[in-house]
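The next block holds one structure in the form of structure tokens; read it before the comments.
Readers should treat all values here as calculations from the given coordinates under stated rules, not as data from a laboratory. This structure is a prediction, so every number in the text was calculated from the model and none was measured. Neighbour counts are summed over all protein chains in view; Cβ atoms, including those assigned to glycine, are modelled from backbone coordinates with ideal geometry.
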Amino acid sequence: MTSQDFSKNALLEYLKQAAISGILNPAVARSRKTAAEQLLVYVTPEERLNLKLVDVDELCSRIHKLEDSSIRVEALNLYNSRLKSALSDYFLWLENPEGFISNSS
């Protein structure tokens, strides 16, 4: 993954490899991957290809409305935080893979 790929699939692959390579704590990487898998199901096709377009707060609000409050607010808030951290670290990693240090793990 040397090119700047902002897609959902690239993020999930990054989280998988980050756990294996040790650039993120494996438990942190797994929890972020789970959050991404749960929340990114609801993104638009455009957002799926370019995660820089995703407003995580708006996405969680959309999910809360779509699921008719069937998902607990606490769980949604936790996934929100984890996805924000995952995206932030992923975008930083894309800018400088060799010098990457997580801001949030």
Among the residues of the range 34-46, write down those that are part of a helix (DSSP H, G or I) and over 12 Å from the mean Cα position of the chain (by Cα).
Tyr42, Pro45, Glu46
Of the residues in the range 82-96, those that are surrounded by 12 or more Cβ atoms within 10 Å (Cβ to Cβ) and without any contact (Cβ under 8 Å) to a residue 24 or more places away in the chain come to Ser88, Leu92
